[in-house]
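**Student:** To start, I am sharing the structure in question, which I have written as structure tokens.
The values are calculated or read from the model by the stated rules, or taken from the named source; none is laboratory data. Computed from a prediction, not measured in an experiment: that's the story for all the values here. Cβ: placed from backbone, ideal geometry, glycine included. Neighbour counts: every protein chain shown. Surface accessibility is based on the protein's heavy atoms, side chains included, excluding ligands, DNA and RNA. Shrake-Rupley method; radii C 1.70, N 1.55, O 1.52, S 1.80 Å.
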Amino acid sequence: MIPRATYRLQFHRDFTFADAEAIVPYLDRLGISHIYASPVTTAAPGSTHGYDVVDPTRINPELGGEAGFRRLVASLRAHGMGIIIDIVPNHMGVAGDTNGWWNDVLRHGRNSSYADVFDIDWSRPILLPILGSSLTDALAEGALTLEHHQDRWWLTAYGNRRLPLRDEDQAAADQQPIAALLDSQHYRLASWRTANDELNWRRFFAINELAGVRVEDPAVLDRTHELYFRLHDEGLIDGVRIDHVDGLTDPLGYCRALRARLGDDAWIVIEKILGPGEELSPEWAVNGTSGYDFMEESAALLHHPSGAEPLGRLWHEISGRPAELAPEELLAGQQLLAWQFSGQLEFCVDAFAAIAPDGITRAMLRRAIERLLWVFPVYRTYGPTPPASDESVRAAVRVRVARHIPPGETPVVDLVLRWLSGEGSHSEAVRRFQQLSAPIAAKALEDTAFYRYGRLLSRNDVGFDAGLMALDPAAFHLRMQARAQQWPTAMLTTATHDHKRGEDTRARLAVLSAIPDRWREVVSDWEAMADPLSHGVDCGDRYMLFQALLGAWPSDARELEDGTLGERISAWQTKALREAKLRSSWEAPDERYEACCNDLALALIDSPAFVASISSFLGEIGEAAHRNSLVQVALRCTMPGVPDLYQGTEFADLSLVDPDNRRPVDYRARIAALDDPPAKMRLIATLLNLRRTHPTLFTQGSYEAAVVDGDARLLAFERRHGDAIFRCAISLGEDQPGSVIRFPSGVVRQAASLFDKTPVWFELA
């Protein structure tokens with residue numbers, strides 16, 4: 001069953017299935033057809049997101065368990081609604097002692113019945129980088145002790161991390177020195193700093209608490225997906241969203257297997273980040289992506305292309321960093337590969353060296369592989385049998401890598417690319433490259449360069465092409481026509497649990513692209529105010545702070561009075577500084593510098609002069625920001641695909657990066673507001689309920705661009721199915737008198753007559 005419109009909910013112990021059940025009538029009135037749930041399987045105790053799964057076979061008891069889940073589904077079905085669940089095939093949580101499968105592997109090693117579940121190199125003991133110092137120092141400090149728990153002896157680190165001992169060591173555990181016991185285990189304890197270089201099991205990105213799972217093994221797939229298959233077979237779920245699909249060994253094969261098992265009626269969408277120009281192949285056998293690509297397209301449409309050069313120049317003048325994204329992305333890729341993925345890189349090089357012909361040294365292969373990874377234009381290619389769409393990726397990376405190849409080593413690069421094309425069927429080497437390129441691309445761009453590059457923060461978000469300032473209406477039309485033809489049931493979203501800025505934060509900042517000269521004046525004033533308060537804060541960090549304050553500045557003065565904004569900005573700022581890895585980092589936090597930055601933020605928020613200035617400027621851009629907000633709603637709810645509404649964003653979404661974007665939602669206020677809704681909520685409810693009364697028009701209807709005569713920045717189109725026609729015109733800027741819209745059906749409208757206090761006009765014919 002294809003959803004008509006989804007509503008994303010973040011489940012955790014403070015928002016359970018029972019809490020969701022209470023808002024089902026409200027969601028129904030809003031026009032939602034399906035709840036789109038964060039992972040519901042048992043996660044690490046207290047998990048706020050659910051992606052650290054410790055038991056994929058059981059619904060999380062903290063959320064209400066299976067009984068609570070069934071009650072929620074029953075309530076949904078009673079309202080003619082359904083549920084989609086987020087699933088996590090790539091990894092499991094292995095922190096603490098709550099993952100029974102991982103504990104069994106630690107206890108029994110290669111002989112564990114779960115040994116094949118995890119992606120482990122069994123040539124040496126499992127590295128556990130959990131110590132705050134070297135093993136020698138940890139032993140000397142008494143950080144490791146023995147504890148009798150649940151009729152067994154456990155090794156305890158720092159008093160809170162239990163590790164199982166081998167069965168053979170149980171009887172004599174209290175008679176041996178801990179150092180001797182450790183020598184006989186299937187694992188090796190080490191400092192947390194060794195993970196990047198020596199880890200011998202695949203993790204999720206650079207997170208040691210998440211271990212990769214081998215779902216390419218059919219037995220592992222069945223074992224880890226038993227619950228999902230049962231829920232679908234019993235009619236409890238209507239489909240799934242697949243988390244981090246590019247982390248898998250064979251994403252295409254996995255998706256095809258899932259489609260074969262769930263059937264054609266299941267709605268399957270994938271969390272797939274598409275690079276600039278990358279298209280999803282029909283070979284995936286899914287309904288489409290989870291919508292980051294649409295978030296990028298709709299956001300780019302809100303920006304004005306004329307802002308690219310002056311805003312880039314302003315950023316360079318203030319920060320001293322590059323005006324364009326590309327140098328930052330390249331540097332971040334080089335650094336991340338050397339800093340956080342050196343061990344994985346060496347394993348990858350080893351795999352290629354094992355198949356290399358005479359005359360090709362390991363060092364040559366290392367240089368070729370690292371340089372390809374520096375410039376890889378997308379997350380990854382696919383195998384073991386590459387799809388046709390991979391050919392253009394290999395061609396693009398060959399062009400991009402040329403200037404980085406050492407003299408005389410072009411044949412080595414070409415050899416690696418031929419192997420990636422499937423030549424020779426060297427699946428293990430290719431697998432290691434593909435499972436390395438994806439995290440490098442993600443960490444280098446989204447989690448590093450996006451925190452270093454501050455031209456305009458509304459263009460730095462998950463799945464975005466930050467090097468592109470804007471998308472013109474003609475290009476947007478082409479993309480929507482392609483959606484209607486190829487992916488009419490993919491997800492459409494403009495806010496997610498992963499976004500770096502809320503949809504209305506981005507909409508507000510997007511206005512700056514149309515007024516770069518005025519923004520320069522404002523920034524000059526704010527710099528003068530901030531100079532006496534900065535105390536060594538880098539000018540680039542300060543400029544990003546200005547943008548964050550502008551984007552998140554609340555309309556409710558209580559957030560200023562009670563300190564909420566200051567707390568939110570400080571949390572964002574600390575995370576941003578550590579992700580940027582320039583003056584602080586997660587590995588080595590510079591708390592003094594972070595405190596200086598936080599102090600500056602709080603001082604500005606408390607400064608009457610700054611408050612007056614930012615309030616005045618928000619008044620200047622308020623109408624344009626509100627227009628952008630409504631435009632985003634209209635795009636999400638009328639384009640080909642399934643619109644998704646992230647929890648709570650029916651009200652203004654001025655959030656920042658997580659955990660700010662996962663704050664509790666006041667549903668009482670939203671339920672009360674639905675009787676007399678604010679403009680954003682009214683437009684959402686109107687369009688979603690229009691989709692309810694005319695479902696085939698929006699799920700199967702064509703998308704045809706209208707012709708705009710005149711200088712107005714307008715997007716106009718028709719959706720048609722049978723005799724039904726939906727016409728829509730959206731103003732993207734100041735309306736120009738005299739502009740005429742010629743719809744494909746022959747209807748002509750004067751643009752000036754369509755927009756009265758709203759940038760969105762539509763009619764159903």
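**Student:** Please give the Cα centre distance for segment 679-708 versus segment 230-279, rounded to the nearest Å.
**Tutor:** One Cα centre to the other: 26 Å.
**Student:** Continuing with this model, one more query. Could you tally the net charge around Arg223, taking each other residue with its Cβ under 15 Å from the Cβ of Arg223, Lys/Arg +1 and Asp/Glu -1?
**Tutor:** Working: positive: Arg58, Arg214, Arg230, Arg261; negative: Asp55, Asp104, Asp116, Asp119, Glu216, Asp217, Asp222, Glu226.
Charge balance near Arg223 sits at -4.
**Student:** Quick check on my link table: of Lys443/Lys500; Lys500/Lys575; Lys500/Lys757; Lys272/Lys443, which ones sit more than 18 Å apart, alpha carbon to alpha carbon? Show your work: numbers first, answer last.
**Tutor:** On the way: Lys443/Lys500 14 Å; Lys500/Lys575 11 Å; Lys500/Lys757 30 Å; Lys272/Lys443 15 Å.
In this structure, Lys500/Lys757 lie more than 18 Å apart at Cα.
**Student:** If one computes the Cα centroid of segment 560-589 and of segment 599-623, what distance in Å separates the two points?
**Tutor:** 19
**Student:** Could you give the length gained on full extension between Arg362 and Glu561, defined as 0.36 nm per residue of separation minus the Cα-Cα distance, in nm?
**Tutor:** 65.5 nm
**Student:** Per-residue counts of other Cβ atoms within 10 Å, averaged by peptide: what ranking do you get for 219-230, 508-519, 596-607, highest first?
**Tutor:** Going by the mean number of other Cβ atoms within 10 Å, highest first, we get 508-519, 596-607, 219-230.
**Student:** A further question follows. Classify segment 100-165 as rounded, prolate or oblate, taking a ≥ b ≥ c as the square roots of the eigenvalues of its Cα gyration tensor: rounded when a/c is under 1.5, otherwise prolate if a/b is larger than b/c and oblate if not.
**Tutor:** Oblate.
**Student:** While we're on this one: Kindly identify segment 1-150 as rounded, prolate or oblate by the Cα gyration tensor criterion: order the square roots of the eigenvalues as a ≥ b ≥ c, call it rounded if a/c is under 1.5, otherwise compare a/b with b/c, prolate if a/b is larger, else oblate. Don't jump to the answer; show the numbers that get you there.
**Tutor:** Values: a/c = 3.05, a/b = 2.43, b/c = 1.25.
Judged from the Cα gyration tensor, segment 1-150 comes out prolate (a/c at least 1.5, a/b above b/c).
**Student:** Which net charge results when you count Lys and Arg as +1 and Asp and Glu as -1 among the other residues whose beta-carbon is under 13 Å from that of Ile355?
**Tutor:** Net charge around Ile355: 0.
**Student:** Leaving out ligands and nucleic acids, and using a 1.4 Å probe, what accessible area per residue does segment 51-129 come to in Å²?
**Tutor:** In whole numbers, segment 51-129 has 32 Å² accessible per residue.
**Student:** Ignoring ligands, DNA and RNA, what accessible area per residue does segment 642-765 give at 1.4 Å, in Å²? All intermediate terms of the calculation are to be shown ahead of the outcome.
**Tutor:** Numbers: 5450 Å² over 124 residues.
I get 44 Å² per residue for this part.
**Student:** Take every DSSP beta bridge whose two residues both sit in the chain, then give the antiparallel share in percent to the nearest 5.
**Tutor:** Within the chain, antiparallel bridges account for around 60 percent of the total.
**Student:** Which residues does the label zone of Ala115 cover in segment 180-213, counting backbone N under 15 Å from a point 7 Å along Cα→Cβ?
**Tutor:** 185-187
**Student:** Right, something else. What is segment 113-221 by shape, rounded, prolate or oblate, if you read a ≥ b ≥ c off the alpha carbon gyration tensor as root eigenvalues and call it rounded for a/c under 1.5, prolate for a/b larger than b/c, and oblate otherwise?
**Tutor:** On the way: a/c = 2.18, a/b = 1.39, b/c = 1.57.
Oblate.
**Student:** Efficiency by 1/(1 + (r/R0)^6): what FRET value for Asp606 and Glu324, r their Cβ-Cβ distance, R0 = 35 Å, to the nearest 0.05?
**Tutor:** That pair, Asp606 with Glu324, gives E of 0.45.
**Student:** Then there is this: Which order, highest average first, do 262-270, 453-461, 497-505, 90-98 follow once you tally other Cβ atoms within 10 Å for each residue and take the mean per peptide?
**Tutor:** Details: 262-270: 18.3, 453-461: 26.2, 497-505: 24.7, 90-98: 21.9.
Per-residue Cβ counts within 10 Å, averaged per peptide and sorted highest first, yield 453-461, 497-505, 90-98, 262-270.
**Student:** Obtain the nm distance between the two label points defined at Thr385 and Arg166 by a simple spin-label model: each point lies 7 Å from its Cα along the Cα-to-C-beta direction.
**Tutor:** Here the modelled spin labels are 4.3 nm apart.
**Student:** Report, to two decimal places, the Cα Rg of the chain normalised by 2.2 N^0.38 Å (N = number of residues).
**Tutor:** Numbers: Rg = 26.9 Å, N = 765, 2.2 N^0.38 = 27.4 Å.
After normalising by residue count via 2.2 N^0.38 Å, the value is 0.98.
**Student:** Something else about it: Taking a probe of 1.4 Å, how large is the accessible area per residue of segment 188-297, in Å²?
**Tutor:** Accessible area per residue: 33 Å².
**Student:** Taking 0.36 nm per intervening residue step and subtracting the Cα-Cα distance, what contour gain separates His148 from Ala752 on full extension? Numbers along the way, then the final one.
**Tutor:** Details: separation 604, 0.36 × 604 = 217.44 nm, distance 7.83 nm.
Here the answer is 209.6 nm.
**Student:** If you don't mind, another one. Highest mean first, what order results for 648-659, 100-111 on Cβ atoms within 10 Å?
**Tutor:** 648-659, 100-111
**Student:** At each listed q (0.33 Å⁻¹), what is the log10 of I(q)/I(0) that the Debye formula gives for segment 407-449 modelled as equal alpha-carbon point scatterers?
**Tutor:** Here log10 of I(q) over I(0) equals -1.01.
**Student:** Further question on the same structure: To the nearest 10 degrees, how steep is helix 564-580 against the longest Cα principal axis of the chain, on a 0 to 90 scale?
**Tutor:** 60
**Student:** Express the carbon and sulfur contribution to the solvent-accessible surface of the chain as a percent, rounded to the nearest whole number, probe 1.4 angstrom. Could the numbers behind the result be given before it?
**Tutor:** On the way: 14550 of 28350 Å².
Taking all protein chains in place, the chain shows 51 percent carbon and sulfur surface.
**Student:** Along the Cα-to-C-beta direction of Glu198, a point sits 7 Å from the Cα; which residues of segment 163-192 have their amide N less than 14 Å from that point?
**Tutor:** Counting only backbone N, you get 183, 187-192.
**Student:** At 0.36 nm per residue, and after removing the present C-alpha to C-alpha distance, how many nm does the segment from Asp676 to Ala74 gain when stretched out fully?
**Tutor:** Taking Asp676 through Ala74 to full extension adds about 213.8 nm, to one decimal.
**Student:** Still on this structure: 7 Å from Cα along Cα→Cβ at both Arg58 and Asp517: what's the point-to-point distance in nm?
**Tutor:** Those two pseudo-labels are separated by 6.7 nm.
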